[in-house]
Amino acid sequence: MVAIQFVGALLLAAAQTASAIHKDQVGQLEWLKSLVGQSSHVSFARSQAGASLAVGSVLADTVAVLSPATGSIVWRHLLAANEALLHVSRVILHLFNLFFVRTVLAATSFDAATTTFHVRTFDVATGFALSSVVVKQKTPTFCDNSKLCEKQVSVKLVTSKTETRLVALLPGSTVVCIDLADSRIVWLQQLDASTSFSQLETSAGNLIVLGNANGVVDVELLSLADGSVKSSPDPSLKTFSCYSSASNAVICNALGRQSAIAAFVPGSQSIAWISPSDLNLGSINSQHLNVEPLSATEFIVSSNVPGAVSPASLVTVAADGNTPKVTVLHTFPEPKKGYKSVYSATAGDKRNPFVARLSFSTKKGKGVKTGSVTSVGVLEFGEGGLIVSIHLDTVVKDGAPTIRLLTYFQDGTMTLFQQGKTKTLAVKWERDESLAHITDSVFVDFPDKYSLDFDELGEPLKKSLELDPVTRYVKRLTGHVGQMQGFLKTLPTFLSSISLPQRNQETAASFNKTAPLVADRLGFRKLLILATSTGKLHALETKFGHSIWSRYFGDSTFAVKDLEVLRPTAVQNAAIIGLFGTLEDGKKSAVQRINAMTGDAIGGIEEIGGSDVLVLKVRQNGVNVYPIVDTDELVVLYPNSPEARDLFDLQLSTFYYYRIKKGDTAVRGFMVEKLPGGEYKGTQLWSVDLPAGEVVADYVQKDRTEPISSLGRVLGNRSVLYKYLNPNLLALATLRETKSTSNVYLYLIDTVTGSILHRASYLGAGHAAKGLDSIYLIQVDNSVILSYYNHGPEAAEVLVEPEVKGSVDRDELKETAGSNKRRKKNTLVSKEGNVVRNTSPNVKGYEITVLELYEMPKPDARIDRFGLNFASTLSLNTRFSDTYTSFNTQKPSILQQTFVFPAQITAIGSTRTGAGITSREILFGLTSNQLYGVNLRILDPRRPTGPITSEDKEEMLFPYRATIDYNPKEFASHVLEVAGIKTIVSTPSSLESTSIVAAYGLDLFVVRRAPSKTFDLLSDDFGYVTLIVTLVSLVVGIQVAKHYAERKRVSDQWK
Amino acid sequence: MTHTSSKDRTEIKKEPTAEEQAAIDANMANLKLKKSWETAIAPLKQVPMQGFMLYMSGNSVQIYSIMVTVMLFMNSFNAILGTNHAFKRFESTSSGTDKKPPSNANLIFPKIVYILAQCVLFGLGVYKCSSMGLLPTSHSDWLSFLEVKRVVEYSSGTYLQ
């Protein structure tokens, strides 16, 4: 008892000091993978500063520039969560009379919060924002689906001697001209909204906007000066795709006119039709024509019929009087059948045109793809699925043309090949961007070094058991002597290592990849298995982030959604992971088992049900069974073995499940019955229908596997508040929004009985803005933590508290809402005349509300099985029942406190340790791209608001302060930028003090956190030398003293 | 010279008669009883002093307060064990002519009171321990021995999405 109190006191004392890391520990305790996401817009850029690779990712909402030499990020911008990136294009600015060239990235995005479009330009070399223009436009409704929105964006740059303008076609048929010098809109033209315009081309003084109006091509000609509509050339085209050069000609292919290509020179106002056969392209469907501009008047026209050869020609388009004329300059030799080609030409008009062609095949074959580069050689692409896109860059270096090739694979890998001196393409670098799209993660222990099959000397146990004890003893003795000799050899290095204060001897660079994959002594090394939306699985070790294995499920339609540890690591046996996912775009559900250490599949993909299934989990006697519930409430077990059925039958009478999703308006609970045929079927047991207007914003169930170190909280007077630890507790935050108001309600529901244990209202609370999610929930121990944005009293919708099914005491509701002493007590009268207390403080900002749940409001009292409570201080555990059932329970006593959080939150998580003795730390992902930790002691509803009493001091409570201080030492990410954190997960290490935390979203960051400092480790600067010197001097002192004492005794006897 | 005079004195002293002897014995017994009661009550007289010392030593767990409390326990415990020894001198010796064994029945009550008084001191120590928070009397002392309740029902709900 005393020991526990002592440890507790140590922890509390330690928690007061921050756990900042030392300078030389940077990179030892954490690692970071900076990512840019699966890129949708890629372009090679060249400027005075050198070559760069500009990438924009619509999926990850990032604009970035990579170094083509190393693949590292030069700069990166992550858009706010409410902004969806639509388009990124590289434009070249000519400044000071075309003398100074500056390459600029123009990024167009849609802001869901303000329903406006943003057009921003960034300098490619530095990443500095050059201009930013907000276009307020009537929101096209389809922009809620950003995929549709993306297609309707086109950006072009127009430069003249006097000014630089950017013309952008935005969704909703809006064309806007922006002056980049002073970031202002020069003109804005709203075209016919019924036509979906998708392409913008510029030519001498004119803008050509092309769109599709009910299957008919709509071409609008606008004046570049003021945006006025001039005329529409030929409205008879049906399907098209058009390509223009920088200033002059437009060339289109058109369907509807069989075997025809249209060449259109805007100045001439007429269209020339050329047959593909004239271009040596054969008789092919013009639908598959592809036109790529190389220079002002030169184009490569190719045919890309799937499965057929793709011939191509280099043509020039020039105005011959009033009619455009197309001349074939060169016909490319036909590549192999089934090969696609991409072309690239050197930039700059003054140089000789140099055209590079890459032909590649996307033929399937065991995941290995090959591509060939004409007259360069054959490239072997590794396992990465199909090539999504290839970008070719050509540059004349020292008079000789060289090429660079960027390939994007389906699994999210981005590989850059560069032509070396020998003209062969070699892999320059590779980035795995699938890690930016993590869908689920799981931590797995490495197997133990020691096994049950071998004895401590590495001999097979079977053999050593056969030996007689004497031989075994001699063998062990000789083994130990051998080990001792080995140790003596390394003694000098060992001594020198302890005399110098050294931190981690193992570094990321010294990581031995060939070493056996075994657990380390302190358990910092675990396996982090990650499933990504690209279909690639990763297994990284948590110490340095090295990849142990990766696996790609590209060839099937299997999409992994959920990772479950089917069998944990046991001694030397590797864990087995179940990959639960969907097949055929979510139509079916399936599971695949894999070996966690190798990634090897165990068996094939097994179908387990239809779409939209619930994957539940029952654990008994160390065996996991997964009941899968389909939409008809039919329950199928995985694995569906007789043993699993027997196990499930045992649990059946006490097994319940519930259905809830974000955006729902009700929660429904079910029990499972066994039908006469032996099948299992769910029957609805209860339903909590939310009041009209409320929708589920976030929900979280208590983690069953959380270790419970203490059943109660010891108060200052040594009495105990018993924690309410119901693992079937669901915390549910709902949002009720109108145009001007926003309220958040928190429900605590027992998911067995469906009874609402608590309901609290937070008037004026909600998301910070549309698309900027701010409502997050987490359950830690007996705490429920809710974050939201407080819009202030004017956004509070004062309602008469509605009757919620499951009936909550109304007095209690008001009491809870008003319990916060800090809040202004504005009493308002609702329309119906009922007095409702408005609890919103008149401050807008992010707030965190913490609720602590206790069994009884009175200390030393417990909820008993029979609803009785024994408040007697003398009563011991024997007087309480040892089981807990939701059917005989009382509402918990709830303490609540709200804190102002000074930053915008993107995710909430918490640390987790082996025994749960260490105090918990709540981790917040911030929009400032940081990971911030707040000790749960700070987020404590018991923090006294009034003057602090001696009992509060005894309990070591901090006095209440409304704002959570921003402590620079508590940034888990210290100086690193961890962009776009969406999920924070943690796992215990073997040290009780230390938890391994992984935060991911765009970037992947893994760090060790010790919320109560590393109380179970000797400090790094522990004086080993002092200790040894003290011991040695003591021994010497004793010997010396003994000698003198002996001498004195003898001389005394001689007297 | 001195020897002679003392001899003379003894010679002068008369042998007490049986009545006188009985009276002396009774007187002695009374005196012893009185003295034994004084001894029995003596620990109670220490209570204010000990209380003051305990008060002065403070309620925090420190070497001094622990020492004072432990001494208090040890003293009273030893005193209780040595009760007979403490009352030895008050036992009636076999004096006079009758060879009856000495009757110490009248010392029982003082002894009981003595033990009770020591118990009061002991209790003072216990109270001190309690105020120092060293007695496992509160729920918090037994908290870590409590078993986590076994939850009968099992409920979950995770969509595969």
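The values are calculated or read from the model by the stated rules, or taken from the named source; none is laboratory data. None of these values were measured; they are calculated from a predicted model. Here the Cβ is made from the backbone with ideal geometry for all residues, glycine too, and neighbour counts use every protein chain on show.
Assorted remarks:
- In the set (1) in the same structural domain as A:D646 (by TED's automatic domain parsing); (2) touching an Asp or Glu at 6+ places or on another chain (Cβ under 6 Å), A:A733 fails one condition alone, (1).
- Any hit, segment A:718-727, residues being of a type in the set (G, A, S), more than 30 Å from A:D773 (Cα to Cα) and within 9 Å of another protein chain (Cβ to nearest Cβ): yes
- Residue list for segment A:760-772, filter: in contact with a strand residue (DSSP E or B) (Cβ under 8 Å, 6 or more places away or on another chain), at pLDDT below 90 and outside any strand (DSSP E or B): A:G764, A:A768, A:G771
- Scanning segment A:51-78 for residues that are surrounded by fewer than 20 Cβ atoms within 10 Å (Cβ to Cβ) and either over 21 Å from A:T415 (Cβ atoms) or not small (G, A, S) (or both) yields A:L59, A:T70, A:I73, A:V74, A:W75, A:H77.
- Residues in segment B:134-148 include none that are within 14 Å of chain A (Cβ to nearest Cβ), in contact (Cβ under 8 Å) with a residue 40 or more places away in the chain, over 14 Å from the mean Cα position of the chain (by Cα) and in a helix (DSSP H, G or I).
- Out of B:K45, B:K100, B:K13, B:K88, sole residue that is surrounded by fewer than 16 Cβ atoms within 10 Å (Cβ to Cβ), within 18 Å of the chain's Cα centre (by Cα) and modelled with pLDDT under 85: B:K88
- Only one entry of A:L1031, A:L1017 meets the criterion of being within 30 Å of A:A915 (Cβ to Cβ) and surrounded by 10 or more Cβ atoms within 10 Å (Cβ to Cβ), and that entry is A:L1017.
- Total residues in segment A:658-690, condition within 14 Å of chain B (Cβ to nearest Cβ) and either part of a loop (DSSP other than H, G, I, E, B) or touching a residue at least 60 places away in the same chain (Cβ under 8 Å) (or both): 12
- Of all residues in segment A:570-579 being of a type outside the set (A, V, I, L, M) and more than 19 Å from A:V985 (Cα to Cα), the one that is modelled with the lowest pLDDT: A:Q572
- Every test in (1) crowded, with 18+ Cβ neighbours inside 10 Å; (2) touching a residue at least 40 places away in the same chain (Cβ under 8 Å) is passed by A:I938 save one, and that test is (2).
- Selection count where residues are surrounded by fewer than 20 Cβ atoms within 10 Å (Cβ to Cβ) and either modelled with pLDDT of 90 or more or assigned to a strand (DSSP E or B) (or both), scope segment A:552-561: 1
- Extreme residue, farthest from the other protein chains (Cβ to nearest Cβ), among residues of segment A:578-612 that are assigned to a strand (DSSP E or B) and among the β-branched types (V, I, T): A:I602
- Consider segment A:691-714 and keep the residues that are assigned to a strand (DSSP E or B) and under 33 Å from the mean Cα position of the chain (by Cα). The one that is nearest to A:E855 (Cα to Cα) is A:Q701.
- Test: residue in segment A:764-778 that is within 14 Å of chain B (Cβ to nearest Cβ) and surrounded by fewer than 23 Cβ atoms within 10 Å (Cβ to Cβ): no
- Unique match (being surrounded by 13 or more Cβ atoms within 10 Å (Cβ to Cβ), touching a Leu at 6+ places or on another chain (Cβ under 7 Å), among the β-branched types (V, I, T) and within 12 Å of chain B (Cβ to nearest Cβ)) among A:V615, A:V623: A:V615
- Index of the failed condition, A:V744 passing every other in (1) aliphatic (A, V, I, L, M); (2) more than 14 Å from chain B (Cβ to nearest Cβ); (3) surrounded by fewer than 21 Cβ atoms within 10 Å (Cβ to Cβ): (3)
- Filter result for the condition that a residue is touching a strand residue (DSSP E or B) at 6+ places or on another chain (Cβ under 7 Å), assigned to a strand (DSSP E or B), touching a residue at least 24 places away in the same chain (Cβ under 8 Å) and closer than 26 Å to A:A112 by Cα, over A:L757, A:L777: A:L777
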